[in-house]
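Chemist: Would you mind keeping the following structure in view while I ask a few things?
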Amino acid sequence: MGHDLALLIPEIIILLTVVVALIAEMLRFPRTVLTVTIIGLLLATAQTLPLLGVDTGVFGGTFRVDMLSVWAKLILLPATVLSLLLARSELAGSDREGTVYILVCLVSLASVLLAGAGDSMLLVLGILLSGLASFALVACPRNDIATEAAMKFFVFASVTTSVMIFGLSYWFGGTGSTLFSELATLQTKPVIAVIGLMAVIIGLGYKASLVPFHFWAPDAYEGAPLSIAAYLSVVPKIGAIMAFAQIVRDIPMVTAWSLIIAVVAVLTMTYGYLAALVQNNVVRLLAYSSIAQAGYFLLGVVAVGASPLALKSLIVFAAAYAAMNLGAFAVVMQAGRTLETFYGIGRKNPALGVAMVVFLLSLAGIPPLAGFVGKFLLFGAAIDAGFLWLTVVAILNSVLSLAVYLRIVVPMYQRRRDSGLSAAAADIKSINDPVTAPAPLITLVWIIALLSTLGIGLAAQLLLGQLG
Amino acid sequence: MNLIAIAILAPLSMALLTMLLRRQPAALALLGAAAGLLASLGLLTDAFNGRGSELILPGLPDMPLRLVATPLTALLSTLVAVVCSLVMVYAVGYMKKDNEKVRFFATLLLFASAMQTLVLAGDWILLLSAWELIGLSSYLLIGFWYSKPGVKTAATRAFLVTRSADLGLYIATFILVTSAGSTDIAATLDTRGGLAVAAGLLLLIAAMGKSAQTPLHDWLQRAMAGPTPVSALLHSATLVAAGAILLIRTAPMLPPETLLVIGIVGGVTTVVTGLMALGESDLKRMLAASTSSQYGLMLVAVGAGVPMAALLHLIAHAAIKSSLFLGAGVFQHSRDSTVLDKLRGIGRDRPKIFSGFVLAALALAGVPPLSGFFSKDAIIAASMNSANIWILLPFALAGTLLTGSYMARALRLLWQGNGKSRSVDGLAWMGAGLAGLVFLAIILGAAFPAVESLLGARLPENSQVQFLPVVLGLSAALCGLALGWFVPVHRLLGPLLPWSRQGFAIAGGFDNLIIRPVFFIARTCEKLERLLYESVLATGRAGLRLGQAVRLNDEQGIDGIIFSFVRCMVNLGGKARTLQSGLIHKELAISIVASAMILVFMLITLLVYQ
């Protein structure tokens, strides 16, 4: 038991951090809350490092401490810190500031739990915890858009989660256990296995915003504060994908589960990029882009069990995705929410422009950036697992994605269009009111993200050796 | 100040001064020539007193530039200075009506200076430079009346022929300097063996070019297009003499094989150009051919191993030939022509000039006691003493015979017949120059023993039959004179006459053998070039067409497909957006329907699996 707790130290630290932060929030010390949460998260990250290489289960296999969950912590907790910095620069001074930090910490805790889920109940716990905290985060601006988005999010989450719990009860009935490791016994009961899997796809599909369970995502990202949208597009999504990977490791091959997931992957990628192609709002564009990126994650999930590369590729792409997506959102926070505001940014602020170009090209998967390395490994894993057609579709979608991202890049290096549009642009600008003041925290975040994006791309070989 | 420097710098500085002041060119020229003459005479006096002098100038590392005054070079320097001075005097009158006296006298002075450098040069580098300089200045002088038809061609031809032959001098210099390790001419004369043969033959080529030896004799006659004083200078002591001087100076080095080749070249030249002179219808061109012929005789003497005889003939010829040219110049001004037919009877109109001309002509023919008699005698004696007597003696005698013939013919034509002369300006100046040179032509023979003693070389004495060369030479000369005076040229030459007038051009001569092929090659190259150019242009045009076609294909083909694809994608995107209605019940319904479809699909696959 003591040994189990030792393996859970990072999660325990986060929980304690949340408790301390709550106390500070009650005393109305929002800056203390921030300090406590950041220190706590960094401490948890540091405590995770000794666990590298461990592969075991805690509490009889309920929670897994393996490569996937350890690396998930190493990626998600620093990403959370960066998100907190973004949130600080956006929400500093508002009365919900401290609460937001605490909720973010809770969502991260839930995501980390999901990434190591070895049990149906832990899966449900993670999704509910993550969901509830997320609704509150989306609703925090207290305006109509945010409230509506949070409301939709909530309804969607309620429906999908209840369907999932209903489906999971079949698995419990079939195996007599909530442990995923017992799923192998469903070899003889394929119908039960299929129903349960369907439930999991619905539940995690909503969490990871996979098509056709993504409807909440664009509205929520648009309604929420930008920093929260950035956070939601990274941390809970990666957590859900990791959970997916944990589950499919144990599902018997009686079902064509990998084929189904491949179909969902194709739908997600294609739909995400197609919808992104017609967006004029950069936030919505990035929302659809993050939906599409989830489709790429599924390439790794499909290959789990069939290719030794699958888990590694998932981890590398998760790290890359966290860096480049957070970076892109940070730049949007500094530049503005609409495409109009991006005109000429590359000339006015060359460093910011270069950073944005790097993030977007990395998202599109251009070598030698991080996104390329991640996608390259994912494609390799998928081909290894026999899904050549899926890889081809993914590569075609990468071409489509370039069109999507260049829609932002090209205006950055053009002069502002004629005056006919500039009046409308000025209106939009006044409505959206981008952070025009110098924002050192945002700059810090995108610089860190930029270095990571470049570094992961260059150090991929080293990283792979570390993972191996 | 060293006398050597004065001999060279006096004409040169006056040339520069003339160019700067642009007035009184004649006076400056005379001044420069006189100063140079005094310096040269000083050098000669020193040489007689057994004092040589040397001027070493800094040049290449370890290869200083040397100017030396040995008896030979001092003598040549004096010769050059004397002829130059007298020709200058003559030129003052001859050029009286010309508008470009400044250019003329400046170039003439440059020429004199370059020639002095050439004869006084003590190392190969300086010699080469001077060699080139006289080539350049002779080009300028031959082409002096550049606006007259044919003058430019003549100057260019002279320059090109001598320049081509100069290649021999360059290679020879290279061989000699690298083998001896020094640029000193005296040091390189110790070269022996195969290198000496090669260097000697190469020097011969250079000398053939400059001294207009067959087959490179063609340019000299054409060079008559220049002013007459220039011709006088070129033919007597400067440009043409340079070839012979080169061989005379390098004679100690030349091995027997080379000497034989030199003798044969000289012999052939003396006969061929002698025949040309005999058949010539233009006085100046006749004199030019005669020059080649006389230098051929000098080469025979060199070939016979007696450069001393060649030197004597060179000196005598310098005085004689310049006299003849100066006389011809007066005739030219009187009748505005040098064609012999138009000059008929000129001798009666200009008796004083003509008498000088006759004396010089007789001297050239070798009539005693004029200077030419002694030098010709020396050459014939040399050829008789040579190992190759049966090759060289006939050449020498034929040359003498021909000399007498063509000079007698010219004298007859100038004396007989009628013509109308006009008065000539500057006759006094011209007469003075002419008189000085004719005087020299008459009495120089008396100075030959002094020259021999100065150079320390005795002419060979034929111990057995001492009078034989004299008899042979004199009879040949008198025979020639008689033939030339009494027998018309068409009877004398017969079928050879037309051929000799073409300069004995074999198969059309240089025009056909070299110039036409060269032009043909040049035109072919030009055609090829044009073809290449056209094809490059055509390639470019084809590339452009291809580019346009590709662009068209791009714009209407590939781009069209891509753009329609893009439009299709954007439309799809629009459709995808419509799914996002914002109405949660619709969206949920889509999710549920999709889930149901997935479930059904999975169940179907289950059935298939089972």
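The values are calculated or read from the model by the stated rules, or taken from the named source; none is laboratory data. Note that the structure is a prediction, hence the values are computed from the model and not measured. Don't worry about glycine lacking a Cβ; one is built from the backbone with ideal geometry, like all the others, and counts go over all protein chains shown.
Chemist: Identify all residues within the range B:1-12 that are surrounded by fewer than 17 Cβ atoms within 10 Å (Cβ to Cβ) and part of a helix (DSSP H, G or I); write none if there are none.
Modeler: B:A5
Chemist: Something else now. As an exercise: evaluate B:T403 against (1) part of a helix (DSSP H, G or I); (2) surrounded by fewer than 24 Cβ atoms within 10 Å (Cβ to Cβ); (3) among the polar types (S, T, N, Q) and give the number of the one condition it does not meet.
Modeler: Tallying (1) part of a helix (DSSP H, G or I); (2) surrounded by fewer than 24 Cβ atoms within 10 Å (Cβ to Cβ); (3) among the polar types (S, T, N, Q), B:T403 fails exactly one: (2).
Chemist: Limited to the range A:42-56, what total is found for residues that are under 10 Å from A:P10 (Cβ atoms) and touching a residue at least 24 places away in the same chain (Cβ under 8 Å)?
Modeler: 7
Chemist: If you scan the range B:180-200, which residues turn out to be assigned to a helix (DSSP H, G or I) and either buried (at least 17 other Cβ atoms within 10 Å of the Cβ) or hydrophobic (A, V, I, L, M, F, W, C) (or both)?
Modeler: Across the range B:180-200, the qualifying residues are B:A180, B:I185, B:A186, B:A187, B:T188, B:L195, B:A196, B:V197, B:A198, B:A199, B:G200.
Chemist: Yes or no: B:L65 touching a Leu at 6+ places or on another chain (Cβ under 7 Å), closer than 26 Å to B:L246 by Cα and either modelled with pLDDT of 90 or more or outside any helix (DSSP H, G or I) (or both)?
Modeler: Numbers: touching a Leu at 6+ places or on another chain (Cβ under 7 Å): yes; closer than 26 Å to B:L246 by Cα: yes; either modelled with pLDDT of 90 or more or outside any helix (DSSP H, G or I) (or both): yes.
Criteria met by B:L65.
Chemist: Please report, ordered by residue number, the helices (runs of 4 or more DSSP H) entirely within the range B:273-361 with at least 1 residues that are under 20 Å from B:G473 (Cα atoms) and aromatic (F, W, Y).
Modeler: B:283-303
Chemist: So in the range A:154-168, with the set limited to residues that are within 11 Å of chain B (Cβ to nearest Cβ) and polar (S, T, N, Q), which one is farthest from A:F215 (Cα to Cα)?
Modeler: Among residues in the range A:154-168 that are within 11 Å of chain B (Cβ to nearest Cβ) and polar (S, T, N, Q), the one farthest from A:F215 (Cα to Cα) is A:S158.
Chemist: Is at least one residue of the range B:548-564 outside the structural domain of B:I590 (by TED's automatic domain parsing), part of a helix (DSSP H, G or I) and touching a helix residue (DSSP H, G or I) at 6+ places or on another chain (Cβ under 8 Å)?
Modeler: Checked the range B:548-564: no residue is outside the structural domain of B:I590 (by TED's automatic domain parsing), part of a helix (DSSP H, G or I) and touching a helix residue (DSSP H, G or I) at 6+ places or on another chain (Cβ under 8 Å).
Chemist: Could you say whether any residue in the range A:182-192 is away from chain B (no Cβ under 14 Å) and farther than 28 Å from A:V58 by Cβ?
Modeler: The answer is no; no qualifying residue exists.
Chemist: So, A:A44, is that one part of a helix (DSSP H, G or I) and buried (at least 24 other Cβ atoms within 10 Å of the Cβ) or not? I'd like the intermediate steps shown before the answer.
Modeler: On the way: part of a helix (DSSP H, G or I): yes; buried (at least 24 other Cβ atoms within 10 Å of the Cβ): yes.
The answer is yes for A:A44.
Chemist: Now, a different point. Would you mention how many residues in the range B:201-235 are more than 20 Å from B:S137 (Cα to Cα) and surrounded by fewer than 24 Cβ atoms within 10 Å (Cβ to Cβ)? Please lay out each step first, then the result.
Modeler: Taking the range B:201-235 and keeping what is more than 20 Å from B:S137 (Cα to Cα), we get B:201-205, B:213-215.
So of that shortlist, the ones also surrounded by fewer than 24 Cβ atoms within 10 Å (Cβ to Cβ) come out as B:201-202, B:205, B:214-215.
Residues in the range B:201-235 being more than 20 Å from B:S137 (Cα to Cα) and surrounded by fewer than 24 Cβ atoms within 10 Å (Cβ to Cβ): 5 in total.
Chemist: Kindly indicate whether any position in the range B:539-562 is under 30 Å from A:A150 (Cα atoms) and either within 8 Å of chain A (Cβ to nearest Cβ) or at pLDDT 85 or above (or both).
Modeler: no
Chemist: Next question. Working carefully through the options A:L128, A:L113, find the one that is crowded, with 18+ Cβ neighbours inside 10 Å, touching a residue at least 24 places away in the same chain (Cβ under 8 Å) and either within 14 Å of another protein chain (Cβ to nearest Cβ) or outside any loop (DSSP other than H, G, I, E, B) (or both). Write out each step before concluding.
Modeler: Numbers: A:L128 fails: crowded, with 18+ Cβ neighbours inside 10 Å.
Step by step, each of A:L128, A:L113 is checked, and only A:L113 is crowded, with 18+ Cβ neighbours inside 10 Å, touching a residue at least 24 places away in the same chain (Cβ under 8 Å) and either within 14 Å of another protein chain (Cβ to nearest Cβ) or outside any loop (DSSP other than H, G, I, E, B) (or both).
Chemist: Exactly one of these conditions fails for A:L259: (1) among the hydrophobic types (A, V, I, L, M, F, W, C); (2) surrounded by fewer than 20 Cβ atoms within 10 Å (Cβ to Cβ); (3) touching a residue at least 60 places away in the same chain (Cβ under 8 Å). Give me its number.
Modeler: Tallying (1) among the hydrophobic types (A, V, I, L, M, F, W, C); (2) surrounded by fewer than 20 Cβ atoms within 10 Å (Cβ to Cβ); (3) touching a residue at least 60 places away in the same chain (Cβ under 8 Å), A:L259 fails exactly one: (3).
Chemist: Right, next: Just to check your reading of the model, which residue among B:L444, B:L492, B:L454 is assigned to a helix (DSSP H, G or I), crowded, with 16+ Cβ neighbours inside 10 Å, in contact with a Pro (Cβ under 6 Å, 6 or more places away or on another chain) and in the same structural domain as B:D349 (by TED's automatic domain parsing)?
Modeler: B:L454
Chemist: Let me ask something else. Please work out which residue is nearest to B:S453 (Cα to Cα), limiting yourself to the range B:39-62 and to residues that are part of a loop (DSSP other than H, G, I, E, B) and charged (D, E, K, R).
Modeler: This residue is B:R51.
Chemist: Quick one: in the range A:141-151, of everything that is surrounded by fewer than 22 Cβ atoms within 10 Å (Cβ to Cβ) and of a type outside the set (D, E), which residue is nearest to A:S177 (Cα to Cα)?
Modeler: Result: A:M151.
Chemist: In addition: State which residue is modelled with the lowest pLDDT when the search covers only the range A:389-426 and only residues that are of a type in the set (D, E, K, R) and more than 20 Å from A:L285 (Cα to Cα).
Modeler: A:D418
Chemist: Filter the range B:601-610 down to the residues that are exposed (fewer than 11 other Cβ atoms within 10 Å of the Cβ) and more than 8 Å from chain A (Cβ to nearest Cβ) and list them by number.
Modeler: Residues of the range B:601-610 exposed (fewer than 11 other Cβ atoms within 10 Å of the Cβ): B:607-608, B:610.
Once the filter is applied, which keeps residues that are exposed (fewer than 11 other Cβ atoms within 10 Å of the Cβ) and more than 8 Å from chain A (Cβ to nearest Cβ), the range B:601-610 yields B:L607, B:V608.
Chemist: Sort out which residues of the range B:13-29 are in a helix (DSSP H, G or I) and surrounded by fewer than 19 Cβ atoms within 10 Å (Cβ to Cβ), and write them in order of number.
Modeler: B:S13, B:L16, B:L17, B:M19, B:L20, B:L21, B:A27
Chemist: Which one of these is assigned to a loop (DSSP other than H, G, I, E, B) and either within 7 Å of chain A (Cβ to nearest Cβ) or modelled with pLDDT under 80 (or both): B:S591, B:S581, B:S595?
Modeler: B:S581
Chemist: Right, A:L168: buried (at least 19 other Cβ atoms within 10 Å of the Cβ), among the hydrophobic types (A, V, I, L, M, F, W, C) and more than 22 Å from the chain's Cα centre (by Cα) or not? Walk me through how you get there before you give the answer.
Modeler: Working: buried (at least 19 other Cβ atoms within 10 Å of the Cβ): yes; among the hydrophobic types (A, V, I, L, M, F, W, C): yes; more than 22 Å from the chain's Cα centre (by Cα): yes.
For A:L168, the condition - buried (at least 19 other Cβ atoms within 10 Å of the Cβ), among the hydrophobic types (A, V, I, L, M, F, W, C) and more than 22 Å from the chain's Cα centre (by Cα) - is met.
Chemist: Conditions: (1) in a helix (DSSP H, G or I); (2) of a type in the set (S, T, N, Q); (3) more than 27 Å from B:T338 (Cβ to Cβ). B:Q221 meets all but one. Number of the miss?
Modeler: Failing condition for B:Q221: (3).
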